[in-house]
Amino acid sequence: MTRELVQRMGSESAPVIIGSGILASVAGHVRRANGGKNPSKILIVADESIAATWASDVEKSWRNDSHGAVEISHVSICATESNKCAQTWSKVMDAAVRANLDRQGLIVAVGGGIVTDIAGFCAATYLRGIAWVAVPTTLLGMVDAALGGKTGMNLPLANGGIGKNLAGAFWPPLAVICDTLALTSLPPRIFRAGLAECFKHSMLVDRSIEPLLPGASGSYQSSEPVDQWKMIDLIARSAAVKLDIVAADPREANQRMLLNLGHTFAHAIESQFSDEFFHGEAVALGLVAAASASAASGAMAPADASAIRDRLAALGFAVVLPQQANVGNLEKSAGFDKKRLAGRLTLILPKAGGGADIVRQADPELLRIGLRAIGAVD
Ligand SMILES: NC(=O)c1ccc[n+]([C@@H]2O[C@H](COP(=O)([O-])OP(=O)(O)OC[C@H]3O[C@@H](n4cnc5c(N)ncnc54)[C@H](O)[C@@H]3O)[C@@H](O)[C@H]2O)c1
């Protein structure tokens, strides 16, 4: 079973193909998306931890499909937030120059959100923009990071923290290929991190997603076998939520901001505790914080906010910061200090019964209430 969705951004569209064991046919899917043509040269940008496995399968797919006619080069990346930086961008650009990639060349990103974000940004900036393909290998990548055409990298902040995605471009890929088999090698903690974004999509639009989450009837068990068909359905439903919102507002003028539910808080956590939390884990904490802020604003009953926290805890997420965190420092790390906050804080606050409100010029105290709800202290 393969599910095919379409990513629409303005006049551009790209297939999003979700299936099990489909890495062997990546080249064919990409050729179809490219009007029947193969690229002249390919640079595979792989997460180094899966370069010899899933990325190698992707390479074989092109070798078999083009009978050696496509020149293939490689570069691998150590996928950490601190490495999603200008040095890594430069390393990939050097590889593109060495590979003599021209305008008909293609960058193929194989990895989680760190790799697809930075490889996509390299594609956006090499020769003023060449085509790229995303082959996400994490659940979070399949339901979120590889979708919607946002590419980017982090920049260092003056306080020593990481400025998340401060450089970037909207540069949609030619195709997104999601193979659920790649999820079988994920450590349970990283697999679970993706469930936070699925949960967010359930909160925002499609309540039918939540019962599909592994462990929906109890705790998430790391030993639970991954049912490929159920996983394809979960990814397709969750991806559809993001793709519909992106199609309505590709450049995040308005509605697309809803996808940032929990993310103001998550970015604050990530910039301060960069390599301690995976993005999805920070998002889970952010959803708890956003629900508490929403309850404080009156948009949701405190019991609804508690139910969201309990559900995320049942999936195995930390719902309290594990170490002492300071509210003021977190505000600063997120790029908000008291002066900058005035009049410019936008918060996405979940509503009772589903959906969320985009609250512009939000009261900064709501941000602090959310941070305190996850254990930060003044
Ligand atoms: N562009 C967007 O719209 C968007 C949206 C959401 C998140 N993001 C970005 O995505 C990043 C997070 O992505 P992520 O959660 O996929 O994490 P990731 O890319 O950091 O990968 C997590 C870990 O999993 C490993 N890994 C990846 N695939 C594997 C596999 N199949 N088997 C075993 N190990 C594997 C990686 O080496 C890494 O250690 C963040 O930088 C975030 O800012 C971007």
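The values are calculated or read from the model by the stated rules, or taken from the named source; none is laboratory data. From a predicted model like this one, the values you see are computed outputs, not experimental measurements. Quick reminder, even Gly has a Cβ in these numbers, built from the backbone with ideal geometry, and neighbours come from all protein chains shown.
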**Prompt:** With (1) closer than 18 Å to G120 by Cβ; (2) over 20 Å from the mean Cα position of the chain (by Cα); (3) away from the ligand (no atom under 16 Å from the Cβ); (4) crowded, with 19+ Cβ neighbours inside 10 Å as the list, and A27 as the residue in question, which single condition is left unmet?
**Reply:** (1)
**Prompt:** Would you say A196 is at pLDDT 95 or above, small (G, A, S) and within 11 Å of the ligand (Cβ to nearest atom)?
**Reply:** yes
**Message:** Conditions first: (1) under 17 Å from the mean Cα position of the chain (by Cα); (2) not in a helix (DSSP H, G or I). D117 passes all but one, so which condition is the exception?
**Reply:** (2)
**Prompt:** Looking at R98, R63, which one is basic (K, R), under 19 Å from K37 (Cα atoms) and surrounded by fewer than 19 Cβ atoms within 10 Å (Cβ to Cβ)?
**Reply:** R63
**the range 96-137, subset over 14 Å from S73 (Cβ atoms) and either in contact with a Lys or Arg (Cβ under 7 Å, 6 or more places away or on another chain) or not assigned by TED's automatic domain parsing to the domain that holds S49 (or both), residue farthest from the ligand (Cβ to nearest atom)** = L127
**Filter result for the condition that a residue is more than 14 Å from the chain's Cα centre (by Cα) and of a type outside the set (A, V, I, L, M), over N260, N254** = N254
**Asked** Which residue, of A266, A299, A305, is of a type in the set (G, A, S) and part of a loop (DSSP other than H, G, I, E, B)?
**Response** A299
**Prompt:** Within the range 199-209, can one find any residue that is in contact with a Phe, Trp or Tyr (Cβ under 8 Å, 6 or more places away or on another chain), within 9 Å of the ligand (Cβ to nearest atom) and not polar (S, T, N, Q)?
**Reply:** no
**Qualifying position, being more than 15 Å from the ligand (Cβ to nearest atom), under 30 Å from H201 (Cβ atoms) and either in a helix (DSSP H, G or I) or in contact with a Ser or Thr (Cβ under 8 Å, 6 or more places away or on another chain) (or both), among S61, S90** = S61
